[in-house]
Amino acid sequence: MNLAVFASGKGSNFEAIMQSVKSGFLRVSVPLVVCDTPEAGVLKLAEKEGVETALFNRGDFASRKDFEAAILQRLHSRAIDAIALAGFMRMLSAEFISSYRNRILNIHPALLPSFKGSDAIADAFAYGVRLTGVTVHFVDEEMDHGPIILQRQVAVEPQDTVETLAARIHEVEHELYPHALKLFSEGRLTITGRKVEITL
Ligand code: GRF
């Protein structure tokens, strides 16, 4: 399976995916990183890993349609089978998603459906929840919404700050995403409506 990672930021989840590929835990190849932010740390990390990067700046395209068409063209030219969104800060259109239907995964730093959106860790912390966590799910047309593959909880401790909580959530992310991708790449996930059945 050829997996493309889409990221806009630091790239710690990309790094975790690459570690699992290198250790042999995750048997996929990652030929391409797609990024929409020139300053994103993930670009340097990908270079270090020897993974091709494709930077698509939304501002360089007249419309979202053109922007996504350019991405799709690159995906096809690299024979990409599936996509792992890892902090990609741009919503993909329904048309784009339908061309990779049930082959796009996302990781979200909260227990969905709570705390959707780009500030989930801080939002959960500010709300005062005792438990938050991490969700890996299939991507559908709605933000942070598709069928859930795996979730793991993270307790909020009394002495936590947003930063200490975020650090523990990221640690869990780096374990959970490779795990979910492994199940997916081995064909062990069956989607029925909102439910994802895992074959052991
Ligand atoms: C992660 O917290 C992920 O859950 C969210 O964006 C963040 C990306 O972090 N979707 P990184 O760039 O992988 O370090």
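Results, tabulated for the structure shown:
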{"item": "All positions within segment 129-157 that are open to solvent by 10 Å² or more (accessible area, probe 1.4 Å), part of a loop (DSSP other than H, G, I, E, B) and either in contact (Cβ under 8 Å) with a residue 12 or more places away in the chain or under 16 Å from E173 (Cβ atoms) (or both)", "result": "V129, R130, V139, D140, E141, M143, D144, H145, P147, V156"}
{"item": "Test result for I169, touching a Pro at 6+ places or on another chain (Cβ under 6 Å) and either open to solvent by 30 Å² or more (accessible area, probe 1.4 Å) or assigned to a helix (DSSP H, G or I) (or both)", "result": "yes"}
{"item": "Candidate set from segment 81-114 (those that are more than 11 Å from the ligand (Cβ to nearest atom), hydrophobic (A, V, I, L, M, F, W, C) and open to solvent by 20 Å² or more (accessible area, probe 1.4 Å)); member that is farthest from the chain's Cα centre (by Cα)", "result": "A94"}
{"item": "Qualifying residue in segment 58-79 (condition: surrounded by fewer than 17 Cβ atoms within 10 Å (Cβ to Cβ), within 14 Å of the ligand (Cβ to nearest atom) and part of a loop (DSSP other than H, G, I, E, B))", "result": "no"}
{"item": "Lone unmet requirement of (1) within 16 Å of the ligand (Cβ to nearest atom); (2) part of a loop (DSSP other than H, G, I, E, B); (3) more than 15 Å from the chain's Cα centre (by Cα) for L45", "result": "(2)"}
{"item": "Condition check for H174: assigned to a helix (DSSP H, G or I) and in contact with a helix residue (DSSP H, G or I) (Cβ under 7 Å, 6 or more places away or on another chain)", "result": "yes"}
{"item": "Residue check for D160: under 24 Å from S98 (Cα atoms) and assigned to a loop (DSSP other than H, G, I, E, B)", "result": "no"}
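The values are calculated or read from the model by the stated rules, or taken from the named source; none is laboratory data. Nothing here was measured: the structure is a model prediction, and the numbers come from that model. Cβ atoms come from the backbone with ideal geometry, glycine included; neighbour counts cover every protein chain shown. Heads up: the accessible areas ignore ligands, DNA and RNA and are worked out on the full protein's heavy atoms, side chains in. Shrake-Rupley method; radii C 1.70, N 1.55, O 1.52, S 1.80 Å.
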